[in-house]
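Chemist: This is the structure, below, for whatever I ask next.
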Amino acid sequence: MRVRSPERRAQILETAVKTFARLGYERASIAEVCADAGIARGTLYQYFADKQALFREVLRAYAGKVATHMQPLAPAQIPSAPDREGLLDFLTERFERIYSVILDEREIYTILFREALAKNADTRDVVAEIHGRLVSLMVAEMEMGRRLGLVRVEESAFAAEFLIGGIFHTALVCIVDAPVPQPPRLLAEKSARFVVGALSAPRP
């Protein structure tokens, strides 16, 4: 029995991303992925049952990269309520990391935005799982901000859904689909100003 290697699995995922980005989900095949990776079909099937299973794992792996930049911080890391400029800087840095990840791996996020709901991909449950994870992370941070007096929001879940949708629509329009992507810093500053204006608690 052959021992499966985490490094080989990672290599297959990395190659599959490029294959799916180049051909789209429908046209890409296991044969294409194997050819691009320089491996035999049997090797790939040690790790993934079929194209659908491979694609699902690609989505999970790269959505996780965005999630790492949305982990709630400790209260001590968040600016105090009176420091509006500090809050703006804090949010700008958070948003910039998310937009930068998407720009740096634009072809991958084209898959996430465009191919994840392909007719035959059967990934709606994975997309819902990813979306739910990101919303939960943002809800946790909003709740912390509310307890610290930083934000005024009564329905954290709705606000999180709204903001996640806004962030990813902005990334789609201004980075993924744009002939010339806008700089992540500029997008982050605009996003931060909107969030602070809409959600921040009024100064005493």
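Chemist: List every residue whose amide H lies under 5 Å from the amide H of Val151, counting only residues 5 or more places away in sequence or on a different chain, with H placed 1.01 Å from N in the peptide plane.
Modeler: Arg146, Ala201
Chemist: Once you have the alpha carbon radius of gyration of segment 52-199, what is it after dividing by 2.2 N^0.38 Å, with N set to its residue count?
Modeler: Ratio of Cα Rg to 2.2 N^0.38 Å: 1.07.
Chemist: Report relative contact order for the chain in percent, whole number only (criteria: Cα-Cα under 8 Å, sequence separation at least 6).
Modeler: 26
Chemist: Simple spin-label model, 7 Å along Cα-to-Cβ: Arg185 to Ser29 in nm?
Modeler: 4.7
Chemist: Right, another one. Rounded, prolate or oblate: pick one for segment 1-44, where a ≥ b ≥ c are the square roots of the eigenvalues of its C-alpha gyration tensor, a/c under 1.5 means rounded, and failing that, prolate if a/b is larger than b/c, else oblate.
Modeler: Prolate, since a/c reaches 1.5 and a/b exceeds b/c.
Chemist: Could you put Arg84, Arg97 in order, starting from the residue whose Cβ has the fewest other Cβ atoms within 10 Å?
Modeler: Final ranking by Cβ density, sparse to dense: Arg84, Arg97.
Chemist: Just tell me which aspartates and glutamates come within less than 17 Å, Cα to Cα, of Lys51; anything on the same chain fewer than 8 places away is out.
Modeler: Glu14, Glu26, Glu32, Asp36, Glu115, Asp122, Asp125
Chemist: What residues from segment 162-179 fall in the zone where the backbone N is under 14 Å from a label point 7 Å along the Cα-to-C-beta line of Phe194?
Modeler: From segment 162-179, the list is 162-175.
Bear in mind that the values in this text are calculations on the coordinates, not laboratory data. None of these values were measured; they are calculated from a predicted model. Every residue, glycine as well, gets a Cβ built from its backbone with ideal geometry; the counts of neighbours run over all protein chains shown.
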